[in-house]
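A.B. asks: Quick one: this structure, given as structure tokens, is what I'll be asking you about.
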Amino acid sequence: MPQLHSSLTRAVIRWKPLLRLPRSQRPPTALYPWLADKGSLTARLVDLSQGQFKVEILRQYLGKASRNEQGALGIGRQELCLIREVILWGKGEAWIFARSLLPLRSLTGKLRHLRKQDQSPLGAFLFSQPQLARSPIAVAPINAQDQYFPSELALTKPLWGRRSIFYLAAKPLLVSEVFLPALCARIAHS
């Protein structure tokens, strides 16, 4: 089991449904369908990368969710989560920073094996489950000063992220994905 760490997330990010954002504050048009897609982002990335896809684990540890994440998951302040932060790479480029929070109480029964994930993408497992349910997708612009992603990924302009809660056997898992500049550029030019 991973060691206990404090969370990197410090800022309050205002996650909202895409359609509730004022038009002037919406993401670039080319990125919109990617943010709103209810299917497997992992599958889309594997296709786009033509199989040149990999997962790099940055951190995987036991910690407490931020207040915002606690509210989304419906968990208490003292409840521990397995927090997994990864980079999803395509064609040798960093495409997505993903942060997953799996409350320890959710990691029982069929989900117990998720305590020891390797380089396998979480999305591939989730979308292989026939009983998967998902909350509506919320999006947010995320700035470097929000300290949501590692500083080496930070830029001067905001990056767009999305998040939703997945339910397996009524057990919640929170997954957020931040679209990094290399993927945004590839999407804009496709």
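The values are calculated or read from the model by the stated rules, or taken from the named source; none is laboratory data. The shown structure was predicted, so the numbers you read here are calculated from the model rather than taken from an experiment. Cβ coordinates were reconstructed from backbone atoms using ideal geometry, including for glycine residues, and neighbour counts include every protein chain displayed.
A.B. asks: Can residue 174 be described as closer than 18 Å to residue 75 by Cβ and assigned to a helix (DSSP H, G or I)?
C.D. replies: no
A.B. asks: Now for a different question. Say whether the condition of being polar (S, T, N, Q) and free of Cβ contacts under 8 Å to residues at least 40 places away in the same chain is met by at least one residue in region 48-69.
C.D. replies: No - not one qualifying residue is present in region 48-69.
A.B. asks: Test each condition in (1) charged (D, E, K, R); (2) in a strand (DSSP E or B); (3) surrounded by fewer than 16 Cβ atoms within 10 Å (Cβ to Cβ) for residue 157 and report the one that comes out false.
C.D. replies: Every listed condition holds for residue 157 apart from (2).
A.B. asks: Right, next: Given the conditions (1) surrounded by fewer than 14 Cβ atoms within 10 Å (Cβ to Cβ); (2) assigned to a loop (DSSP other than H, G, I, E, B); (3) in contact (Cβ under 8 Å) with a residue 40 or more places away in the chain, report the number of the one that residue 130 does not fulfil.
C.D. replies: Tallying (1) surrounded by fewer than 14 Cβ atoms within 10 Å (Cβ to Cβ); (2) assigned to a loop (DSSP other than H, G, I, E, B); (3) in contact (Cβ under 8 Å) with a residue 40 or more places away in the chain, residue 130 fails exactly one: (3).
Here is a yes/no grid of residues against (1) of a type outside the set (Val, Ile, Thr); (2) buried (at least 21 other Cβ atoms within 10 Å of the Cβ); (3) within 23 Å of residue 184 (Cα to Cα):
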residue	(1), (2), (3)
60	yes, no, no
73	yes, no, no
91	yes, no, yes
123	yes, yes, yes
134	yes, no, no
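A.B. asks: Here's another thing I want to ask about it. Being closer than 19 Å to residue 189 by Cβ and in a helix (DSSP H, G or I) is the filter here, so list the residues in region 28-40 that pass it.
C.D. replies: The answer is 32, 33, 34, 35.
A.B. asks: Suppose we filter region 57-105 for residues that are in a strand (DSSP E or B) and either touching a strand residue (DSSP E or B) at 6+ places or on another chain (Cβ under 7 Å) or of a type in the set (Ser, Thr, Tyr) (or both); how many remain?
C.D. replies: Within region 57-105, residues that are in a strand (DSSP E or B) and either touching a strand residue (DSSP E or B) at 6+ places or on another chain (Cβ under 7 Å) or of a type in the set (Ser, Thr, Tyr) (or both) number 29.
A.B. asks: Going by the conditions given, is residue 100 within 19 Å of residue 56 (Cα to Cα), modelled with pLDDT under 85 and of a type in the set (Ser, Thr, Tyr)?
C.D. replies: no
A.B. asks: Out of curiosity, is residue 170 of a type in the set (A, V, I, L, M, F, W, C), free of Cβ contacts under 8 Å to residues at least 40 places away in the same chain and closer than 21 Å to residue 69 by Cα?
C.D. replies: It is true that residue 170 is of a type in the set (A, V, I, L, M, F, W, C), free of Cβ contacts under 8 Å to residues at least 40 places away in the same chain and closer than 21 Å to residue 69 by Cα.
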